[in-house]
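The values are calculated or read from the model by the stated rules, or taken from the named source; none is laboratory data. Keep in mind that this is a model prediction, so the values were computed, not measured. Backbone-built Cβ (ideal geometry, glycine too); neighbour counts: all protein chains shown.
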Amino acid sequence: MSSVMQSTSDARRRLYEWFASTPGRLVLEAELEQLNRILPNLFGYYVVQVGRLSPVDMLSHTRVLNAFIVEIDRNLSECPYPRVLGTPSALPVGSDSVDVVLLPHVLEFEQNPHQALREAQRALVPEGSVLISGFNPWSMLGLSRLALRRRGLAPWTGHFLGLNRVKDWLALLGFKVTGIETYFFRPPLRSERLMSRLRSMESLGARAWPYLAGAYLLTAKKKVTPLTPIRPRWSARRGLVNVGLAEPSARGAIHGAGIHV
């Protein structure tokens with residue numbers, strides 16, 4: 001394994017551990033609530049999730065026919081979907097072959113986050129959707145990073161990206177932003193009791209200061225403008241994935257799409 005891939009894998013493992021903590025679990029619950037509203041409205045043949053945040057199934061509400069995971073850390077626990085080993089900046093996925101790409105807190109821990117977006121753009125079919133979750137640097141959670149990053153623990157070691165920067169990158173790659181959801185307005189405290197007492201900050205923050213939320217979920221669609229009109233020609237979808245870690249689950253009968261395990 002290359003040093004870059006090992007570094008990314010280590011960061012994802014620490015992030016995985018943080019999402020099991022009290023603040024991490026609450027952020028994840030809020031994120032899943034947003035995902036579970038959005039995913040049922042996206043359709044197609046293939047959805048790929050790049051990296052995992054916890055054992056929780058983030059794709060449980062998808063209506064896309066086949067789902068699989070690009071696993072950044074090979075040492076994580078089993079999951080209900082086929083898994084392939086890869087990195088966000090070099091997805092083991094064919095071009096123009098995926099209908100939905102989910103990037104859950106991926107960009108913050110990539111040495112070249114713009115390349116990760118380029119890879120998502122390459123993999124998506126025209127009109128395909130990318131979903132990007134991230135931590136807001138201009139929030140109580142984001143400002144906590146300034147005090148905690150010296151500890152060398154995720155998520156505080158990540159490079160939090162503001163919404164406007166991500167939107168600018170997407171625009172350069174020909175994406176159209178179709179939705180932005182913000183969530184989690186509490187400070188990232190470890191005390192379950194204190195976090196419960198501060199629960200009212202969620203509804204207040206959503207109404208009064210939505211752009212000071214601790215995290216966001218952005219949805220964008222890949223737009224392609226052909227140079228000349230062409231007649232559509234129906235053909236089989238190009239091969240999807242060429243390396244693997246585990247046998248597909250019953251849900252994802254993807255062997256016919258080019259997965260080799």
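Arg149 falls short on exactly one of the conditions (1) touching a helix residue (DSSP H, G or I) at 6+ places or on another chain (Cβ under 9 Å); (2) part of a helix (DSSP H, G or I); (3) farther than 16 Å from Thr219 by Cβ, and that condition is (1). Within the range 28-44, residues that are more than 16 Å from Ala213 (Cα to Cα) have Cβ atoms under 8 Å from residues that are of a type in the set (S, T, N, Q) in these pairs: Asn36/Ser60; Ile38/Thr219; Leu39/Thr62; Pro40/Thr62; Leu42/Thr62; Leu42/Ser129, counting only partners at least 6 apart in sequence or on another chain.
Sub-8 Å Cβ pairs linking a first residue in the range 131-157 that is on the phi < 0 side of the Ramachandran plot to a second residue that is modelled with pLDDT of 90 or more and acidic (Asp, Glu), at least 6 apart or interchain, are Ser133/Glu31; Gly134/Glu108; Phe135/Glu108; Ala154/Glu17; Pro155/Glu108, ordered by first then second residue.
Within the range 16-28, the set of residues being out of contact with any helix residue (DSSP H, G or I) (no Cβ under 7 Å at 6 or more places or on another chain) and either under 13 Å from Pro104 (Cα atoms) or not in a helix (DSSP H, G or I) (or both) comprises Tyr16, Ala20, Ser21, Val27, Leu28.
If you go through the range 62-86 and keep only what is more than 19 Å from His105 (Cβ to Cβ) and free of Cβ contacts under 8 Å to residues at least 60 places away in the same chain, you end up with Arg63, Val64, Leu65.
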